[in-house]
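The values are calculated or read from the model by the stated rules, or taken from the named source; none is laboratory data. Remember, it's a predicted structure, so these values are computed and weren't measured experimentally. Methodologically, a virtual Cβ is constructed for each residue, glycine included, from the backbone with ideal geometry; neighbour enumeration extends over all protein chains shown. Surface accessibility is based on the protein's heavy atoms, side chains included, excluding ligands, DNA and RNA. Shrake-Rupley method; radii C 1.70, N 1.55, O 1.52, S 1.80 Å.
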Amino acid sequence: MSSGKSEKNNSELLCEKVTCPHCWKSSPVEDILWIAEAPELTGDARLGEADKQRFLPARFDIKGNALDLKGFACKKLACPHCHLEIPRSYLEMEPFFISIVGAPASGKSCFLTSMCWNLRKILPNEFDLNFLDADPEMNGHLQEDETAQFLNDDPDAITRIKKTEAEGDMYKTVMINDQYITYLQPYLFTLSPAQEHFNAAERNRVSRTLTIYDNAGESYLPIRDGDAASLPVTRHLEQSNCIMFTFDPIQDNRFRAVCTNPSNDPQLIKETSDSFLKSPLRQEMVLGEMINRTRSYIGLHSSEKYDRPVIIVVTKFDAWKDLVPDLSMRNPWAKTISSNTPAFLLKKVQDVSKTIRELLKKHLPEMVGMLDQFADNVTYIPVSATGGPPIQDPKTGNWGFKANSIKPIWVEVPLLYALSQAADGLVCVSKK
């Protein structure tokens with residue numbers, strides 16, 4: 001991962017090295033390529049005839065933008081290895097990588113959408129942190145999901161966002177050494193202190209480009225080539241500062257059997273849930289494959305523990321919250337008395353984690369055992385991306401949610417916890 005800062009260049013502090021969010025190769029900042037602007041400068045050796053040329057510039061304008069062969073000022077940058085586009089923030093802020101993993105139907109896509117939507121409001125208002133799209137085009141799919149889930153023109157319309165696909169336009173294929181290689185496109189955000197932030201004076205040091213990888217659950221099937229040299233779409237696990245695993249406990253018959261269902265939640269009725277919410281894969285298989293790949297990528301011995309945070313995002317809390325009736329789910333942050341600085345209440349989250357871990361250990365002991373063997377820093381955080389059960393559209397028979405009834409629970413907490421553990425200086429932490 002990139003580290004350190006070079007001398008000032010065009011009034012900006014640049015990273016000495018840049019880690020590509022697509023291929024994860026690290027390059028000196030002076031080797032970063034530019035993307036031609038002139039309409040006729042198309043045809044790239046690694047991306048094909050339709051893409052603009054990538055080049056190492058020899059001329060710049062007075063603003064520091066490279067000039068292409070036709071004299072056009074260029075604004076976009078690219079990795080010198082894979083030639084895929086890199087946001088400018090990657091040259092100015094260190095990356096913070098997060099891998100989100102989960103089996104199909106675990107609620108991963110809804111969680112990611114609700115998490116990012118809530119973070120857009122909570123980080124600026126509660127933690128004095130700017131949270132912005134590093135590249136709106138790369139985040140286009142996520143923005144579409146946010147619109148469908150929270151900004152639908154018809155608030156009473158029943159909508160449901162699409163599942164994460166194992167192929168499609170979220171994957172980019174390049175030619176390297178006569179070999180086609182397909183990479184997963186991440187979602188990219190910038191995290192930087194606002195003027196009121198307690199570390200505003202250290203903005204250049206603490207700011208990060210948040211890089212989120214969201215694979216389809218099928219990418220972790222042992223029978224797929226999700227970690228092949230030509231399809232390294234899960235190898236972000238090696239770079240990750242934090243892994244989030246979305247786990248839906250009500251997919252397990254043992255757990256669902258102890259849930260009460262006074263309101264006839266369709267998620268808890270076997271005949272209904274099997275028809276639209278049940279994954280064809282056992283979640284432990286996906287978890288086990290993720291653990292095995294992470295060990296392999298990093299080179300961990302079978303007896304070594306993974307030393308980065310692992311967050312188990314226990315989804316659909318609204319359906320099973322009666323199992324932990326005494327759990328306090330108030331927002332885990334408050335302003336400190338001494339400095340009036342918003343602080344993340346670490347102990348509160350850890351106490352909740354202990355309660356959820358004991359609940360899962362009682363009913364699903366093999367999963368907790370797998371995680372205990374894999375890592376020491378494992379945290380269990382209950383969330384609900386929607387705050388309530390799905391409803392069935394009487395016209396189409398499809399299941400979904402009304403935009404005006406979605407009220408997420410704790411979806412922002414996993415990211416806040418990850419920042420408190422692995423991103424020094426962005427979130428003030430209270431351990432009391």
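For this structure, a couple of remarks:
- Two-decimal log10 I(q)/I(0) for region 13-146, as the Debye equation yields it once each C-alpha is a single scatterer, q = 0.14 Å⁻¹: -0.80
- Percent accessible area from carbon and sulfur atoms, the chain, protein chains only, probe 1.4 Å: 48
- Segment Glu126-Leu221, extension gain: residue separation times 0.36 nm, minus the distance between their alpha carbons: 30.3 nm
- With the simple model of a label 7 Å out from the Cα in the direction of the Cβ, Ser328 to Ser302 spans 4.4 nm.
- Computed from the Cβ-Cβ distance with R0 of 45 Å, the FRET efficiency linking Lys362 to Asp156 stands at 0.65.
- Intensity falloff of region 197-271 expressed as log10 I(q)/I(0), Debye formula with alpha-carbon point scatterers, at q = 0.15, 0.18, 0.26 Å⁻¹: -0.79, -0.87, -1.19
- Beta bridges assigned by DSSP with both partners in the chain are antiparallel in approximately 60 percent of cases.
- Computed accessible area, Leu41, all protein chains, 1.4 angstrom probe, square angstrom: 20
- Per residue, the chain exposes 45 Å² of accessible surface when a 1.4 Å probe is rolled over the protein heavy atoms with every protein chain present.
- Share antiparallel - DSSP beta bridges, region 235-386, percent rounded to 5: 20
- Ellipsoid semi-axes in whole angstrom, largest first, where each is sqrt(5λ) of the Cα gyration tensor of region 146-222: 31, 26, 11
- Per-pair calculated FRET efficiency, R0 = 30 Å: Asn292 and Asn253 via Cβ, rounded to 0.05: 0.75
- Out-of-range pairs (alpha-carbon distance over 22 Å; input Lys335/Lys432; Lys52/Lys162; Lys162/Lys321; Lys76/Lys163; Lys108/Lys395; Lys362/Lys431): Lys52/Lys162; Lys162/Lys321; Lys76/Lys163; Lys108/Lys395; Lys362/Lys431
- Taking 20 Å as the cut-off, the amide N atoms of region 44-58 that come nearer than this to a point 7 Å along the Cα-to-beta-carbon line of Met175 belong to 44-56.
- Take the Cα of Glu284, step 7 Å toward its Cβ, do the same at Thr336, and the gap between the two points is 4.3 nm.
- Net charge in the neighbourhood of Met290 (other residues with Cβ under 11 Å of its Cβ; Lys, Arg +1, Asp, Glu -1) is -1.
- Since only Ser192, Ile32, Ile212 are under comparison, the one whose Cα sits farthest along the positive direction of the charge dipole of the chain, derived from C-beta charges on Lys, Arg, Asp and Glu, is Ser192.
- Looking at region 295-380, the trypsin sites (Lys or Arg not before Pro) that sit in a DSSP loop and have at most 14 other Cβ atoms within 10 Å of their own Cβ are Lys305, Arg330.
- Rel. contact order, % - alpha carbon contacts under 8 angstrom, at least six apart, the chain: 17
- Antiparallel %, DSSP beta bridges [both residues in region 321-432], to 5: 65
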